[in-house]
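Dropping the structure in here first, questions after.
The values are calculated or read from the model by the stated rules, or taken from the named source; none is laboratory data. Being a predicted model, the structure only gives us computed values, none of them experimental. So basically every Cβ, Gly included, is an ideal-geometry build from the backbone, and we count neighbours across all protein chains shown. Accessible surface areas use protein heavy atoms only, side chains included; no ligands, DNA or RNA. Shrake-Rupley method; radii C 1.70, N 1.55, O 1.52, S 1.80 Å.
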Amino acid sequence: QVQLVESGGGLVQAGGSLRLSCAASGMYFRINSMGWYRQAPGKQRELVATITSGGTTNYADSMKGRFTISRDNARNTVYLQMNSLKPEDTAVYYCNAHGVLSTTGSLRDYWGRGTQVTVPS
């Protein structure tokens, strides 16, 4: 069983910053990449950013230059530094871990419960 626990969400004024954290725990799971996705009310879940165990990052175009994803492999923790926040960044942010179950060799995705980020207009 793999668990992802997010923290760091909240309410911040436009132009402000927040830092999200997500810690993964569990056995028999080799994490290949971790990332953040978000879902605004009435919209589909969308990619924010991902980072591989080797440090390769990928960002959605609208987040480039404002958001930075980083990772502590030793702690199986991923961070998302969000700067210059806008009202349209308001959403529930979900942590994702993508990897291989060592017991079966199968690829799996795990998700956190989400953390709310609100940027009032």
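Condition first: more than 15 Å from the chain's Cα centre (by Cα) and open to solvent by 30 Å² or more (accessible area, probe 1.4 Å). Now tell me which residues in region 103-121 satisfy that.
Answer for region 103-121, where residues must be more than 15 Å from the chain's Cα centre (by Cα) and open to solvent by 30 Å² or more (accessible area, probe 1.4 Å): Thr103, Thr104, Gly105, Ser106, Leu107, Arg108, Thr118, Pro120, Ser121.
Could I ask something else about it? Cβ-Cβ below 7 Å, separation at least six or inter-chain, first residue in region 56-74 and closer than 16 Å to Ala97 by Cβ and among the β-branched types (Val, Ile, Thr), second open to solvent by 50 Å² or more (accessible area, probe 1.4 Å) and assigned to a strand (DSSP E or B): which pairs?
Note: pairs meeting the criteria are Ile69/Thr57.
Take the residues in region 1-20 that are under 21 Å from Gly65 (Cβ atoms) and part of a strand (DSSP E or B), then tell me which one is most open to solvent (accessible area, probe 1.4 Å).
Ranking the qualifying residues of region 1-20, first place goes to Arg19.
Next question. Looking only at region 48-69, which residues are part of a strand (DSSP E or B) and closer than 21 Å to Val12 by Cα?
Answer for region 48-69, where residues must be part of a strand (DSSP E or B) and closer than 21 Å to Val12 by Cα: Val48, Ala49, Phe67, Thr68, Ile69.
Something else now. Can you tell me which residue within region 26-45, out of those that are among the small types (Gly, Ala, Ser) and surrounded by 13 or more Cβ atoms within 10 Å (Cβ to Cβ), is farthest from the chain's Cα centre (by Cα)?
If we take residues in region 26-45 being among the small types (Gly, Ala, Ser) and surrounded by 13 or more Cβ atoms within 10 Å (Cβ to Cβ), then Gly26 is farthest from the chain's Cα centre (by Cα).
Test Val100 against the criterion of being within 16 Å of Gly9 (Cα to Cα), touching a residue at least 24 places away in the same chain (Cβ under 8 Å) and open to solvent by less than 50 Å² (accessible area, probe 1.4 Å), and give yes or no.
no
Is there any pair with a first residue in region 103-121 that is closer than 15 Å to Val48 by Cα and a second that is open to solvent by 70 Å² or more (accessible area, probe 1.4 Å) and not aromatic (Phe, Trp, Tyr) whose Cβ atoms are under 8 Å apart and which are 6 or more apart or on different chains, and what are they?
Listed pairs, sorted by first residue: Gly112/Val5.
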